[in-house]
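Taking it in order: structure first as structure tokens, then the write-up.
Just so it is clear, none of the values below were taken in a lab; they were calculated from the coordinates. Not measured: the values here are computed from a predicted model. We place every Cβ from the backbone using ideal geometry, glycine too, and count neighbours over all the protein chains shown.
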Amino acid sequence: MSVFDEATVGELRELMGRYPQARSALLPMLHLLQSVEGHVSTAGIELCAELLDLSAAEVSGVATFYTMYKRRPMGTHHVGVCTNTLCAVMGGDAIFERLSDHLGVGHDETTEDGQVTLERVECNAACDFAPVMMVNWEFFDRQDPASAVELVDRLRDGEQVASPRGAEITSWREAERVLAGFEDGRVDEGPAAGDASLVGLEIANERGWSAPVADSAASAAQESKGEAVAEADTQRAESETVAEESGADVEGGAGDRQEASGGGSEPQAEGKADD
Ligand code: FES
């Protein structure tokens with residue numbers, strides 16, 4: 001009997017129904033299982049395999065390939081410290097070391113109170129805010145060792161914490177449910193883009209810069225070239241169709257030629273023998 005209740009199985013099936021090919025739902029299904037169990041368990045892998053008509057090895061291969069899927073139980077909060085190149089040189093390594101000492105855990109380990117799982121994470125595409133941390137996949141920009149310690153202490157004390165970009169921090173499991181595709185109604189919290197990402201746009205606006213407009217003559221030439229290529233493709237397809245339709249005649253002709261050739265060689269051989 002499945003360890004998952006009917007509601008969870010129903011939601012897994014709902015995810016499967018969102019895609020033309022049900023197996024395309026595997027990634028959100030694994031996120032949903034993480035929101036229920038706190039990790040991807042063996043039972044979860046077997047359930048996905050059964051629902052999607054895949055082997056357990058195939059599902060396991062996906063669940064162990066992507067680092068966002070966890071095979072061991074997670075803490076209430078996932079705290080990721082970016083230690084990729086730019087964040088590392090801007091202080092990411094120092095933040096991780098300080099947090100590791102403070103929490104008494106290393107990479108991919110959970111504190112004894114079960115509150116925080118610490119992880120070194122790769123570039124979050126937020127290098128303009130380096131060094132960055134993530135809590136349950138929400139950004140915490142421009143951190144330093146002291147602010148990082150204060151942040152995890154507040155999380156462990158159960159205080160309400162908000163990302164500098166506006167989002168209220170929930171739990172890792174709740175965030176996983178959103179990643180699975182079940183919205184929590186809070187998608188609009190915070191700005192669409194952070195201030196550092198908009199600096200270039202502000203400078204461009206001040207100086208009256210804009211993206212180059214496509215040259216109309218070049219566009220017309222490109223369009224004409226595209227039409228010519230399409231026409232050539234159509235003609236080739238038509239000639240191939242004609243050739244296929246007359247395929248029997250062509251084969252027959254070739255066979256006739258072979259027969260004629262064979263018939264013609266025999267007398268010559270005989271002629272040579274006679275010689
Ligand atoms: S290196 Fe840290 S966000 Fe890119």
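How charged is the neighbourhood of residue 61? Take every other residue with its Cβ under 13 Å from the Cβ of residue 61, and add Lys/Arg as +1 and Asp/Glu as -1.
So the surrounding residues net to +1.
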### Query
Got the relative contact order for region 6-65 handy, in percent, Cα pairs under 8 Å and 6 or more residues apart?
23
### Positive-end residue of 29, 19, 54, charge dipole of region 6-65 with Cβ unit charges
19
### Query
Which shape class, rounded, prolate or oblate, goes with region 6-65 when its Cα gyration tensor gives a ≥ b ≥ c as root eigenvalues, a/c under 1.5 marks rounded, and past that a/b bigger than b/c marks prolate?
oblate
### Query
Taking the Cβ of residue 197 as the center, what net charge do the other residues with Cβ under 12 Å away carry, scoring Lys and Arg +1 and Asp and Glu -1?
-3
#### Entry: For region 79-200: rounded, prolate or oblate by the Cα gyration tensor [a/c cutoff 1.5]
oblate
